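What follows is a single structure, written as structure tokens, with notes after it.
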Amino acid sequence: MRSPPNMEPMQRARLASLFLSLLFGCTHAPHETARQIFDRTVREDHLLSAEVSGVEREKLLAQAATGYEQVLRLGGNDRPLCASALRSLGNVRAEQGRLDEAVKLWSEVGSQYATCDWEVLQSWKSAADLLWDAGRRDDATPFYRQIFERFRSAPSPIMRTVACAAQRRV
């Protein structure tokens with residue numbers, strides 16, 4: 001690539017970087033934060049996977065899983081972000097038909113990020129409902145029981161409502 005002779009060295013470097021990015025398909029910033037990766041993964045991969053099917057859907061789900069795994073590696077001390085990434089990874093596995101892996105990941109949200117109430121509630125509810133719908137009611141019941149026991153007195157009305165609904169399946 002040849003740049004115009006009156007171009008400053010910094011401008012040449014930026015132009016070369018842009019050219020290489022376009023050439024090799026690198027569209028993401030080289031030093032994205034875990035939050036930026038999470039937001040991009042949700043927006044560009046996970047949400048879009050619901051709008052397509054077949055090979056394209058599987059590709060987007062695989063990319064979403066990779067993005068969430070990267071957030072878990074980079075997220076470090078941002079426990080709420082990591083809890084969201086782990087729960088979202090469970091959602092991806094469920095969408096891929098990997099039920100047992102999804103349930104395992106959702107269970108880990110409760111054990112690794114126990115203080116992240118909303119993520120724990122959503123994870124346990126997802127596990128319980130997916131197992132229940134798959135006809136594995138004996139496996140679902142402990143999740144519903146945990147939801148009821150932990151969240152029946154929660155300060156949030158929505159959490160209490162979910163807990164009461166979970167009690168009906170115990």
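Taking label points 7 Å from Cα along the Cα-to-Cβ direction, Ser153 and Arg169 give a separation of 2.5 nm.
Rolling a 1.4 Å probe over the protein heavy atoms gives segment 69-170 an accessible area of 51 Å² per residue. The alpha carbon convex hull volume per residue for segment 103-170 rounds to 69 Å³. Spin-label model, Ala114/Glu44: points 7 Å from Cα along the beta carbon direction are separated by 3.7 nm.
What a 1.4 Å probe finds exposed on segment 43-170 is 50% carbon and sulfur by accessible area, rounded to a whole percent.
The values are calculated or read from the model by the stated rules, or taken from the named source; none is laboratory data. Computed from a predicted model, the values in this text were never measured in an experiment. For neighbour counting, all protein chains shown are included, and Cβ atoms are generated from backbone atoms with ideal geometry for every residue, glycine included. Side chains are part of the model used for accessible areas, which takes the heavy atoms of the whole protein and leaves out ligands, DNA and RNA. Shrake-Rupley method; radii C 1.70, N 1.55, O 1.52, S 1.80 Å.
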